[in-house]
1. Can you list residue pairs whose Cβ atoms sit under 9 Å apart, with the first residue in region 72-84 being farther than 10 Å from Val48 by Cβ and the second being assigned to a loop (DSSP other than H, G, I, E, B) and small (Gly, Ala, Ser)? Count only pairs 6 or more apart in sequence or on different chains.
2. Hey, which of the strands (runs of 3 or more DSSP E) in region 43-148, taking only ones fully inside, have at least 1 residues that are at positive phi and in contact with a strand residue (DSSP E or B) (Cβ under 9 Å, 6 or more places away or on another chain)?
3. Sort out which residues of region 77-124 are open to solvent by less than 70 Å² (accessible area, probe 1.4 Å) and polar (S, T, N, Q), and write them in order of number.
4. Within the bounds of region 44-60, is there any residue that is more than 27 Å from Asn139 (Cα to Cα), open to solvent by 50 Å² or more (accessible area, probe 1.4 Å) and touching a residue at least 12 places away in the same chain (Cβ under 8 Å)?
5. With respect to Ser71, determine if the residue is among the hydroxyl-bearing types (Ser, Thr, Tyr), in contact with a Lys or Arg (Cβ under 6 Å, 6 or more places away or on another chain) and more than 15 Å from Thr19 (Cα to Cα).
6. Does Arg33 qualify as being within 20 Å of Asn137 (Cβ to Cβ) and either surrounded by 14 or more Cβ atoms within 10 Å (Cβ to Cβ) or modelled with pLDDT of 85 or more (or both)?
7. For residues that are crowded, with 17+ Cβ neighbours inside 10 Å and touching a Lys or Arg at 6+ places or on another chain (Cβ under 9 Å), scanning just region 7-22, find the one that is modelled with the lowest pLDDT.
8. Within region 55-71, can you find the residues that are under 18 Å from Val8 (Cα atoms) and among the small types (Gly, Ala, Ser)?
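The values are calculated or read from the model by the stated rules, or taken from the named source; none is laboratory data. Quantities reported herein were computed from a predicted structural model and do not represent experimental measurements. Because the Cβ atoms are built from the backbone with ideal geometry, glycine has one as well, and the counts that use them run over all protein chains shown. Calculation scope for accessible area: heavy atoms of the full protein, side chains included, ligands and nucleic acids excluded. Shrake-Rupley method; radii C 1.70, N 1.55, O 1.52, S 1.80 Å.
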Amino acid sequence: MSNGVLRVSSSSIHADGATFDIAGTTPGSGHDRLAVTGAATLGGTLRVRYTSGFTPTVGQTFDVLTATTRSGQFSTLDLPFGAQVSYLSNGVRITVNAVAVMGDMNCDGQVNVLDINPFVLALANPTEYANQFPGCNINTGTLTGMEA
């Protein structure tokens, strides 16, 4: 998977959903960015994924969308554990507030006996795991820690 900067020269663009991959800190080579020279109107689903084994640190920020002006918000957010979206007047920023701990299947920040039942549920019924533990990344329970 390759990261890049998509530059759009337009008086306005309507983004009805977007997926941004983050594999590093540099826009373009490390993470995706949509750069609009005009106005951006947002809607739909914002999906952010950490790829290529990248693990951000708490406090890192990623400006995934820049524009002259921004209006609207994404109606649905599909973000990694601990990531938060900020709507700026001229774009969208992802801030890392927490990082998933490998093996922490109940997202309490610890790996302990309380992770066994959620781990078994994730193996047996991934959909039900996602329902019971929204915001938890099922991939924290993989042997490699890499996205499936």
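1. Phe81/Ala98; Phe81/Ala100; Phe81/Gly135; Gly82/Ala98; Gly82/Ala100; Gly82/Gly135
2. On the way: elements: 61-66, 69-71, 76-78, 83-88, 91-96.
By residue number, 91-96.
3. Ser86, Thr95, Asn106, Asn112
4. To start, the set of residues in region 44-60 that are more than 27 Å from Asn139 (Cα to Cα) comprises none.
Among the residues of region 44-60, not one is more than 27 Å from Asn139 (Cα to Cα), open to solvent by 50 Å² or more (accessible area, probe 1.4 Å) and touching a residue at least 12 places away in the same chain (Cβ under 8 Å), which makes the answer no.
5. Details: among the hydroxyl-bearing types (Ser, Thr, Tyr): yes; in contact with a Lys or Arg (Cβ under 6 Å, 6 or more places away or on another chain): no; more than 15 Å from Thr19 (Cα to Cα): yes.
No: the conditions fail for Ser71.
6. Details: within 20 Å of Asn137 (Cβ to Cβ): no; either surrounded by 14 or more Cβ atoms within 10 Å (Cβ to Cβ) or modelled with pLDDT of 85 or more (or both): yes.
No: the conditions fail for Arg33.
7. Per the stated criteria, the residue is Ala18.
8. First, pick out the residues of region 55-71 that are under 18 Å from Val8 (Cα atoms): 63-71.
Ala67, Ser71 - these are the residues of region 55-71 that are under 18 Å from Val8 (Cα atoms) and among the small types (Gly, Ala, Ser).
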